[in-house]
Amino acid sequence: MDASPPALTRPPTLPRRAVLLLALPAAACAVAPEGPSAPQGGYPPFDFSYLLPLRLNVASIEVTQRFVPSGQPPDVSARDPVQPVAALRLMAEQRLKAGGTAGRAVFLINDASMIRLGDMLTSTMSVELDIIAPDNTRAGYAQATVVRQRTGITGDLPAVLYQFTREMLDQMNVEFEYQVRRSLANWLLPSGALPAPVQEAPLSPETPSLSPQAPPPEAPPSTPIEPSLPPSTPVEPSLPPPTPVEPPPA
């Protein structure tokens, strides 16, 4: 009698949760970018919305980037979790508000370098705010520049760059607001102000009025007032003196 074939046994199966947990590291390795310029995770984004906004008497605000980092040593801005150019752009978007009806403001990023030479880190940030009138002429401007250095750079470079950029932006916010209030005070609106309505200009003294002037109203006729006399004192009638009566003769 032939022996029956051995029973087939199924390999042990893993729970679905365990399969997903095993797949996550592999997927992460598959999509993680390579190279020193890879963005670093775990760093909170910058936020300047808690600061007092600067409301300008213009209809719109533009941001123009004049500075482009080289991306080659000694430039290390590409390894910064929050690159300086992006941080300055965010500062302009969150702090500058348009509250007028004409003209525009242009925020220029002139420098946002991050240079490392040996163990020394140097960063320069330079921005400019131009006010462009409706006739496309520059009506005013303000400039702010911040330079900072740090020596003894060791350890995790992205973490150092992140903290260094945060300190630079803290200093730039103070300097930028000071320069705007000093140089563009006439273009600042009160915080929370709405766009000003268009109002009619009053006529100047040299401009004649086109409508005839109405004559002044006539005064009501005056009622004559009689002079008041002092009250009269009543006069009692005078009586003749009494006549004496002689006694009759005895």
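Some observations on this one:
- Subtracting the Cα-Cα distance of Gln94 and Glu175 from 0.36 nm times their residue separation leaves 27.6 nm of extension gain.
- Among Ser49, Ser123, the order by Cβ neighbours within 10 angstrom, fewest to most, reads Ser49, Ser123.
Values in this text are rule-based calculations from the coordinates and carry no lab data. Source: prediction; values computed, not measured. Reconstructed Cβ throughout: ideal geometry from the backbone, glycine too, with neighbour counts over all protein chains shown.
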